[in-house]
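Note sheet for the following structure.
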Amino acid sequence: MVTKSEETQLNSLENQVDNGGGGAWEYLCLIRKLKVRRSDKVLKHGLSILNDPKQRSTLGNEEWTLYEQVAVAAMDCQCLDVAKDCIKVLRKRFPESKRVGRLEAMLLEAKGSWELAEKAYTSLLEDNPLDQIIHKRRVAMAKAQGNISVAIEWLNKYLETFMADHDAWRELAEIYVSLQMYKQAAFCYEELILSQPTVPLYHLAYADVLYTLGGLENLQTAKKYYASTIDLTGGKNTRALFGICLCTSALTQLTKGKNKEDKEGSQLQSLAAKVLEKDYKQRAPDKLPQLTTALNSLTLSS
Amino acid sequence: MGLGFLVGFLGFLILIHAAYSTIQYRGLLKITEEEFSGPPLNVVIEVTLGLVLCMWAALTVPGKFLSIHPDSEENRIVSLPANLDFMIFNHRYKVFSVELDVKLKH
């Protein structure tokens, strides 16, 4: 999870490193810790450390972690020669390692030789059938080849064994959303909210899915989850604020002419709109007229 | 840090001294054969002072307080980590290779 203060720290460090202010190693450590995907930067700065024997020797044992990080980044940037060289160095140092074996299989994947990669993963799984990362790699490989249904099948099988793996639940949810299977995606997000109830982004994604599904009950639940996102972020999530406005106007449209007036809903909408206006005034004053017309059209249509 | 420890130590000494003077006071009462109704005023002041000093030291010495609010800057989650275990290499770098010419040299 990347928090606000960590994000600012990462950005300032990235600025510093890009402008040649040093601190490349700290930057790479932070990238590893936050698990963000900045492969081009990792490749550039990681290699500059690895190519400098003096800097490399100060790292001690961390050197091998850096080799691994750079190898994966190089695969991501399709610099396969660099990845190959890094893996060769690692293989020399750790001749029996399974972790290096995994990297080699990933290199095959990056080259696009799926059958060889599959074979390598299968042989690795024979040695250790409960290696979570290799199971996940096989799912990713199926996805990369376009066999989404196979990926879903494997991911479901994987989740039967490792139910607590929330990254896998998230991946499954995202795959379902990409296939517009919103009911299944909603189930995955429910699972995620259960396992990590304090992460506002899961509440937000769940609300998005429910809003997309539509229908009176789903819209009401979506509004509640948008509200809980606002609660958890202190009203600093713009998407959740827009979600509240959209949900309320959709709800009033659905219940128009029927029973009682929903007073609480309209109050919530006007509050959210007020916060949005304030936020836009502060951060993007030139887009304020657009916002007000959008909000007006929402209230007019209801 | 040093100041905090010093203040805490001073507060502790004051508390010990307050205890000692209370015991002495009770001994004095036994001699004069009076009833014990409450500690004398100077002991009460001493205990309060020691309490304040010890509390201040205990709050400052161990370090800073961390925020427990979910919406504070330190705790507010703005983005999820990239799902690196599931990363796939079919993206724009496959077509547009990186301009920087890099090589691992040894």
- prompt: Can you tell me which residues in the stretch A:79-105 are within 16 Å of B:Tyr93 (Cα to Cα) and surrounded by 20 or more Cβ atoms within 10 Å (Cβ to Cβ)?
  reply: A:Cys79, A:Val82, A:Ala83
field: the stretch A:15-29 - residue that is assigned to a helix (DSSP H, G or I), surrounded by fewer than 18 Cβ atoms within 10 Å (Cβ to Cβ) and not polar (S, T, N, Q) and, of those, modelled with the lowest pLDDT
entry: A:Asp18
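Pick from B:Glu46, B:Glu73: which is at the interface with chain A (Cβ under 7 Å from one of its Cβ atoms) and of a type in the set (Asp, Glu)?
B:Glu73
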- request: Taking only the stretch A:115-135 into account, find how many residues are of a type in the set (A, V, I, L, M, F, W, C), in contact with a Leu (Cβ under 8 Å, 6 or more places away or on another chain) and within 14 Å of chain B (Cβ to nearest Cβ).
  value: 2
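Across the stretch A:71-98, which residue is nearest to the other protein chains (Cβ to nearest Cβ) among those that are assigned to a helix (DSSP H, G or I) and more than 20 Å from A:Ala117 (Cβ to Cβ)?
Once the filter is applied, the top-ranked residue is A:Val89.
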query: Any idea which residue in the stretch A:30-60 is farthest from the other protein chains (Cβ to nearest Cβ), counting only those that are under 23 Å from the mean Cα position of the chain (by Cα) and part of a loop (DSSP other than H, G, I, E, B)?
result: A:Arg38
Residue satisfying all of: in the stretch B:71-106; modelled with pLDDT of 85 or more and hydroxyl-bearing (Ser, Thr, Tyr); farthest from A:Ser39 (Cα to Cα) among these: B:Ser72
- prompt: Going by the conditions given, is A:Glu261 farther than 25 Å from A:Tyr189 by Cα, at pLDDT below 90 and charged (D, E, K, R)?
  reply: yes
- prompt: Quick check, is A:Leu47 aliphatic (A, V, I, L, M), within 24 Å of B:Arg92 (Cα to Cα) and without any contact (Cβ under 8 Å) to a residue 40 or more places away in the chain?
  reply: yes
task: Output the number of residues of the stretch A:183-206 satisfying the condition of being farther than 17 Å from B:Asn75 by Cβ and in contact with a Phe, Trp or Tyr (Cβ under 8 Å, 6 or more places away or on another chain).
output: 12
- line: Subset of the stretch A:150-178, residues part of a loop (DSSP other than H, G, I, E, B) and closer than 15 Å to A:Val139 by Cβ, comes to A:Phe162, A:Asp165
query: Among the candidates A:Glu68, A:Glu63, which residue alone is more than 10 Å from every other protein chain (Cβ to nearest Cβ), surrounded by 14 or more Cβ atoms within 10 Å (Cβ to Cβ), touching a residue at least 24 places away in the same chain (Cβ under 8 Å) and of a type in the set (Asp, Glu)?
result: A:Glu68
task: Please work out which one of (1) part of a loop (DSSP other than H, G, I, E, B); (2) within 23 Å of the chain's Cα centre (by Cα) is the condition A:Pro129 fails and give its number.
output: (2)
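The values are calculated or read from the model by the stated rules, or taken from the named source; none is laboratory data. Keep in mind the model is a prediction, meaning the values are calculated, not measured. Virtual Cβ from ideal backbone geometry, glycine too; neighbours counted across all protein chains shown.
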